[in-house]
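Taking it in order: structure first as structure tokens, then the write-up.
What follows draws every value from the coordinates through simple rules; no lab data is involved. Please read these numbers as outputs of a predicted model, since none were measured by experiment. Methodologically, a virtual Cβ is constructed for each residue, glycine included, from the backbone with ideal geometry; neighbour enumeration extends over all protein chains shown.
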Amino acid sequence: MRRGEIVRETKETNVSAKVNIDGIGESRVKTTIKFLDHIVTSLSTHSLIDIEINATGDLIHHIAEDVAIVLGEALSRGLGEREGITRFGSALVPMDDSLAYASVDLVKRPYSVIDLKIDKEGIEDMVGEDIVHFLQSLSTSLSANLHVSVQYGNNDHHKVEAGFKALAISLRNACSLDERRIGLPTSKGKM
């Protein structure tokens, strides 16, 4: 089983994460931010990665950022050297009125392009920029290329949820083991 566990304690937050990449999509997510709990749970459910997160802190922005950092680091630890993985994954996912596309490359080079087309200032108990920043921070801490783009939609909740579900399926595909792959999935010899 590919597992990772990280604890991060700062003057602003206290965050712990456990992941099982070869899980069944079980989650226990308690961040004190209801919408963040919802989208990380959705990420777990559709990626089939078991995710356990406990987080407390002073501000929503700090908690969301540190949850992304810890989750990405835990996933990276679970992937190890990334030998034998498929490496790439992409998905196009509808959510009622919304359609989102996500693509992932687990190349060990962080880069992100995030376009959620959020119209309102916030969704539930999170501001839109914190959701975007969550995905950017996840890309950096996971050390992966992460592209999430909402194609269209009327409801901001649905747009973001479609984006996270597309990301989940992309991650599931990219993390999956390729039985034909020997070693690292790169022609360079090093990720």
Most exposed first, judged by fewest Cβ atoms within 10 angstrom, Leu184, Leu171 run Leu184, Leu171
Only one of the values (i) 21.0; (ii) 16.9; (iii) 16.3 was calculated from this structure for Kirkwood radius over Cα pairs in Å; name its label.
(iii)
Among the listed pairs Lys34/Lys117; Lys120/Lys188; Lys18/Lys159; Lys108/Lys159, give every one whose C-alpha distance is greater than 32 Å.
Lys120/Lys188
Using only alpha carbon pairs under 8 Å that are at least six residues apart, calculate the relative contact order of the chain and give it in whole percent.
26
Trypsin sites (Lys or Arg not before Pro) restricted to segment 46-122 and DSSP loop, no more than 14 other C-beta within 10 Å
Lys120
Sequence ranges 127-134, 138-145, 66-73, 153-160, ranked by mean other-Cβ count within 10 angstrom, highest first
66-73, 138-145, 153-160, 127-134
Got the relative contact order for segment 14-89 handy, in percent, Cα pairs under 8 Å and 6 or more residues apart?
39
